[in-house]
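Here the structure comes first, spelled out in structure tokens, and everything after it is commentary.
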Amino acid sequence: QVQLVESGGGLVQPGGSLRLSCAASGIFFRIDVMGWYRQAPGKQRELVATITHGGTTNYPDSVKGRFTISRDNAKNTVYLQMNSLKAEDTAVYYCNADRVLYLGSYSYEYWGQGTQVTVSS
């Protein structure tokens with residue numbers, strides 16, 4: 001099983017930057033995909049960024065060029081550097097771990113508790 005703990009959220013002015021971190025712990029051999037999702041009030045949860053164990057990244061157009069996802073496999077930690085933040089980036093950001101390998105079998109879809117990001121002047 002995997003436990004995910006996020007940190008780094010907060011209040012920032014438009015145009016500012018924040019860096020989120022998510023540390024994974026538990027009993028596993030490897031996490032194939034780690035990512036960030038967000039959910040704004042009244043909206044569905046949406047993809048922000050994903051990164052594979054090998055470093056392949058994926059972003060939707062809404063954050064491409066502004067957000068950067070990275071991971072430290074030795075620390076089982078994923079990061080999200082968010083620059084040029086906009087009011088519409090305000091949401092609860094959730095860390096996700098998917099395709100977790102342990103003893104030759106995969107388990108799927110682990111979530112953190114979420115961290116609030118508010119972009120406002």
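The values are calculated or read from the model by the stated rules, or taken from the named source; none is laboratory data. The structure displayed is predicted, hence computed values, not measured ones. Because the Cβ atoms are built from the backbone with ideal geometry, glycine has one as well, and the counts that use them run over all protein chains shown. With ligands, DNA and RNA removed, areas are computed over all heavy atoms of the protein, side chains included. Shrake-Rupley method; radii C 1.70, N 1.55, O 1.52, S 1.80 Å.
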Sorted largest first, extent of the chain alpha carbons per principal axis (Å)
49, 25, 23
Could you sort 45, 19, 30 by their accessible area in this structure, using a 1.4 Å probe and putting the largest first?
19, 45, 30
Hey, if you put +1 on the Cβ of every Lys and Arg and -1 on every Asp and Glu Cβ in the chain, which of 34, 5, 57 ends up farthest toward the positive end of that dipole?
57
Whole-Hz Karplus ³J(HN,Hα) for segment 81-97, in order, using 6.51 cos²θ - 1.76 cosθ + 1.60 and θ = phi - 60°, x for Gly and Pro?
8, 10, 10, 6, 5, 10, 4, 6, 7, 4, 4, 8, 9, 10, 8, 10, 10
Could you size up the charge dipole of the chain around its Cα centre, putting +1 on the beta carbon of Lys and Arg and -1 on that of Asp and Glu, and report it in debye to the nearest 20?
140
I'd like the accessible area for residue 75, computed on protein heavy atoms only with a 1.4 Å probe and all protein chains in place. Round to 10 Å², please.
130
By accessible area of protein heavy atoms, probe 1.4 Å, what ranking do 27, 51 get, highest first?
27, 51
Given +1 on the Cβ of Lys and Arg, -1 on the Cβ of Asp and Glu, and no further charges, what dipole in debye does segment 59-106 carry about its Cα centre, rounded to the nearest 20?
120
Between residue 57 and residue 118, with labels modelled 7 Å along Cα→Cβ, what's the label distance in nm to one decimal, could you check?
2.8
Can you pull the accessible area of residue 28 for me, 1.4 Å probe, Å² to the nearest 10?
40
Please work out how much length the chain gains when fully extended from residue 111 to residue 19, using 0.36 nm per residue of separation minus the C-alpha to C-alpha distance, in nm with one decimal.
31.3 nm
Just to verify a number: what accessible area does residue 98 come out at with the full protein assembly present, 1.4 Å probe, Å² rounded to tens?
40
Given segment 51-121, report the % of alpha carbon pairs whose separation exceeds 14 Å.
69
Output the relative contact order of the chain, whole-number percent, from Cα pairs under 8 angstrom with separation of 6+ residues.
36
Among 108, 79, 94: highest mean-square fluctuation, GNM of the chain, C-alpha pairs under 10 Å:
108
